[in-house]
Each structure stands twice: as C-alpha cells, then as structure tokens.
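Worksheet for the structure shown next.
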Amino acid sequence: MAWPEPSAPGRGTVVPAAPGVPPAPAAPAARISRVHYPVTVLGVGRRLGLWFQGCSLACAGCMARDTWPATGGREVTVDALAALWRDAVADGADGLTISGGEPFQQVEALAALLAAVDAERVTATAPGGPAEGRDLDILVYTGYEWAELDAERRAVAARADVLVTGRFRVGQPTALVWRGSANQEMRPLSPLGHRRYGPHRTREASAAVQADVEPDGTVRIIGIPRAGTIHRMESALRASGVTLAGPSWRPEAERE
C-alpha cells in the first residue's frame, strides 16, 4: 500500500483563507512510521496496519527501535490515514491494527484517528455499504499498562475494540497469540472485541511473521517473532552470504 502524501511538518494541512478571514485550523495529523496492507499476523484476518512513530518507553529487546525517535517517520493527516482504511475495507479488510512506537504518546492524533476510522466503519457497514454485514474491528497496541492510562487516554482507548497493554519484557517469553511477552494483556473493550478476541485471550499459537520488501530494498518483518527467531534468521542469512544493513532490533550504534 502506497504512502499517502505527507502533511507539512508538525502542523498538518492548513487550508488557505481569503483575505481578512481567519485561517482554518490545521487538520489533525499523526507522525507515522509505516503502513502496510494486508497484515495477517497482528489480529484476526486481513488487516490494515499503522505504526505510530515515537516511543520513550524503550523496552529492552524491542525489534522496532527505528520507531523510537519522535522525529522519525512522516507527518500524515488523519484524513489521509482514514482514506487508507476506507480503501482497505473496500478490498475486504477485516480490521485495523495500530501499533508503534507508542500510539498514546500522540494521544490527540490517536483520538482523531480512532474517531475517523470508526465513522468510516459505521458508513461501510451500513446497508448498501462495501462492508455491509461484516465485522470490522480496531486493535491497538500500547506499551502502557491499563493502570497507567489516565481518564483521557482510557476514553480514547474506548473507541477501539481491543487493547493489548504492557511493555515488552524480553525475559518473559510467551506463546500467547499476538503478544510478545507473558505480562502483556489482551483487553476486549466492546461487544465486538469480546466476541472476536475473547477466545484468543488465553490461546497459544506458533508465532507467524510476514516479510515485506519495499521499493528501496528495505525488508520489513511484521509480527511478533518468538525468542531466538531473529537470531536464527540472521544466522541463516549470513550463512547464505546475505548481510542485513541497519536491522531495527539493534541499538543504532550497532546498525552499521
């Protein structure tokens, strides 16, 4: 899926005003690391994946250190992201997965995005819509524990159907589906969330990952690999003469 056009850095898109008329407010925007469709390893079915940029939690062993710097990624309007969701739904998507980075460190943008995609969902599933009769769920990953989310952030989270909470803890491996460590909790928040994800809260499964090769040759590993998977992959590639440049799971100083 192609990137939408980025908005002006830090401001969103400002609509020019006529002389003497105050300018329209900046359109809500989020700093996004990457987008991918379809994602099949982070939730039920085929999904649009959006990764927020910026995370100060800095979990040891995180495989997406490239999403940590708050200045990375691209600034993209919520309208453009909602259009990607609309296109994915028209193509048969089953849901949206939002990860990062840390989405709740851009809480205003996350709130605007969840409101926009929920509105698109209502339209799409209405009689005559492209997803009439289908369930479309919204899953959000956060490194925060539920107890760490204040009232504002809990209200934002309530627009999702399911929330996966908790920092990645490399010393607590798990086989729980769609989670990276045993401390992480899958929390359904809506009737759809309970119906679709309730059976998966304690389900164990073999890890599944996707590999996406971008036009510039960048290889993206999507999913939650089990302990040792990345090391074995690197070893196998090295044995076949392939060296990875700048893998995102290593500290920046070690990526050369």
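Within the range 3-39, can you find the residues that are modelled with pLDDT of 55 or more and surrounded by fewer than 16 Cβ atoms within 10 Å (Cβ to Cβ)? Before you say what the answer is, go through the steps one by one.
Pass one, the range 3-39, residues modelled with pLDDT of 55 or more: 4, 18-23, 25-39.
Once the filter is applied, which keeps residues that are modelled with pLDDT of 55 or more and surrounded by fewer than 16 Cβ atoms within 10 Å (Cβ to Cβ), the range 3-39 yields A18, P19, G20, V21, P22, P23, P25, A26.
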Got a number for residues in the range 161-171 being out of contact with any helix residue (DSSP H, G or I) (no Cβ under 9 Å at 6 or more places or on another chain) and surrounded by 15 or more Cβ atoms within 10 Å (Cβ to Cβ)?
4
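Can you list the strands (runs of 3 or more DSSP E) found entirely within the range 152-231 that contain at least 3 residues being within 14 Å of L139 (Cβ to Cβ), at pLDDT 95 or above and in contact with a strand residue (DSSP E or B) (Cβ under 9 Å, 6 or more places away or on another chain)? Show your work before the answer.
On the way: elements: 162-165, 185-188, 209-213, 219-223.
Strands (runs of 3 or more DSSP E) meeting the threshold: 162-165, 185-188.
Restricting attention to the range 53-70, and to residues there that are in a loop (DSSP other than H, G, I, E, B) and under 15 Å from the mean Cα position of the chain (by Cα), which single residue is surrounded by the most Cβ atoms within 10 Å (Cβ to Cβ)? Walk me through how you get there before you give the answer.
If we filter the range 53-70 for residues that are in a loop (DSSP other than H, G, I, E, B), which is where we start, we get 53-64, 68-70.
Filter again for under 15 Å from the mean Cα position of the chain (by Cα), leaving 53-55, 62-64, 68.
On the way: Q53: 25, G54: 21, C55: 23, C62: 19, M63: 20, A64: 19, W68: 21.
By that ranking, first place goes to Q53.
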Considering each residue of the range 79-135, count those that are free of Cβ contacts under 8 Å to residues at least 24 places away in the same chain and crowded, with 24+ Cβ neighbours inside 10 Å, and give that number.
0
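Residues checked against (1) over 16 Å from the mean Cα position of the chain (by Cα); (2) closer than 28 Å to D66 by Cα:
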{"residue": "Q105", "(1), (2)": "no, yes"}
{"residue": "E145", "(1), (2)": "yes, yes"}
{"residue": "A157", "(1), (2)": "no, yes"}
{"residue": "D161", "(1), (2)": "no, yes"}
{"residue": "T165", "(1), (2)": "no, yes"}
{"residue": "E185", "(1), (2)": "yes, yes"}
{"residue": "H200", "(1), (2)": "yes, no"}
Could you check, for the range 127-146, whether at least one of its residues is among the β-branched types (V, I, T), modelled with pLDDT of 95 or more and more than 24 Å from P199 (Cβ to Cβ)?
no
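The values are calculated or read from the model by the stated rules, or taken from the named source; none is laboratory data. It should be emphasised that the depicted structure is a prediction, and the values quoted were computed from it without experimental measurement. When we count neighbours, we look across all protein chains shown, and the Cβ atoms used for this are built from the backbone with ideal geometry, even at glycine.
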